[in-house]
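Here the structure comes first, spelled out in structure tokens, and everything after it is commentary.
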Amino acid sequence: MADLPIALDGALADALSRALDREGKILRALEELGPLSERDVVLVGDAGGLRHRHLAEAGARVVTVPSLPAKKLTAGSADAVVAWWSAFRGVDPAEVHEVDRLLRPGGRLLVVHDYGRDDVSRLRGDQPEYGLWGRRDGPFLRTGFKIRVLHCWWTFDSPDEMEDFLGAAFGLVGRAVASQCRRPRLSYNVAVYHRTRLLEPAPATFEAAGAAERI
């Protein structure tokens, strides 16, 4: 699931992989917020799939771990820790403490989640990432993370392709959303929550003021 924001199998997963963020905004934002090129990067929750390949193609030296803690990895061995969708669902102080153990001073934690307020959120219904997570009193911003919101797309080659995919993946709701789109694409807003490692690893419990930046 780390490869995609929604658990799909087979041809549907392949179709969403091709449609999701063809402009490459997510990877460019991660590079800007990292940087990641020519850096040692730990990818959480990925088994060497699409997101691993994207990071490697961008010049990162990538090591993957299924989850945290990553006890086999040496303290201070990473310049960045990156997670897509399935990891850091909220903020677990113990996980952040482990990230700070892995990161070198000044290293970056970059967490990608859906943000909502878009066409895609109409397909999925109520999700925690669509509300509390992006608020100042939510688990990320009140614990020292900042947020960058990216306005992305799911882009298909034709209206028929879009309708077929949405109908197969989401049923009647998908077909209803497709019927309301003037072009073969869905608006898709993504939040990148980002944080710099403290000079000393954070304790397992902490409270800090958050701030937000949006583009």
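Values computed for the structure shown
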quantity	calculated
Members of the range 191-215 found to be under 18 Å from the mean Cα position of the chain (by Cα), closer than 19 Å to Gly90 by Cβ and either modelled with pLDDT of 95 or more or not in a loop (DSSP other than H, G, I, E, B) (or both), listed by number	Ala191, Val192, Tyr193, His194, Arg195
Check on Ala2, of a type in the set (A, V, I, L, M, F, W, C), in contact with a helix residue (DSSP H, G or I) (Cβ under 7 Å, 6 or more places away or on another chain) and either touching a residue at least 24 places away in the same chain (Cβ under 8 Å) or not in a helix (DSSP H, G or I) (or both)	yes
Failed item, numbered, when Trp133 is tested on (1) in a helix (DSSP H, G or I); (2) under 14 Å from the mean Cα position of the chain (by Cα); (3) over 29 Å from Ala75 (Cβ atoms)	(3)
Some residue of the range 75-92 being in contact with a strand residue (DSSP E or B) (Cβ under 6 Å, 6 or more places away or on another chain), among the acidic types (Asp, Glu), under 22 Å from Leu198 (Cβ atoms) and not in a helix (DSSP H, G or I)	yes
Filtered residue count, the range 93-130, keeping only those that are at positive phi and either in a helix (DSSP H, G or I) or out of contact with any strand residue (DSSP E or B) (no Cβ under 9 Å at 6 or more places or on another chain) (or both)	1
Selection within the range 154-190 - surrounded by 16 or more Cβ atoms within 10 Å (Cβ to Cβ) and in a strand (DSSP E or B)	Trp154, Thr155, Arg185, Leu186, Tyr188, Asn189, Val190
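Quick grid of which residues meet (1) touching a helix residue (DSSP H, G or I) at 6+ places or on another chain (Cβ under 9 Å); (2) not charged (D, E, K, R):
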{"site": "Thr143", "(1), (2)": "yes, yes"}
{"site": "Arg148", "(1), (2)": "yes, no"}
{"site": "Asp160", "(1), (2)": "no, no"}
{"site": "Glu163", "(1), (2)": "yes, no"}
{"site": "Gly167", "(1), (2)": "yes, yes"}
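The values are calculated or read from the model by the stated rules, or taken from the named source; none is laboratory data. Every value quoted in this text rests on a predicted model; they were computed, and no experiment measured them. Ideal geometry is used to build each Cβ from the backbone, glycine not excepted, and the neighbour counts take in all protein chains shown.
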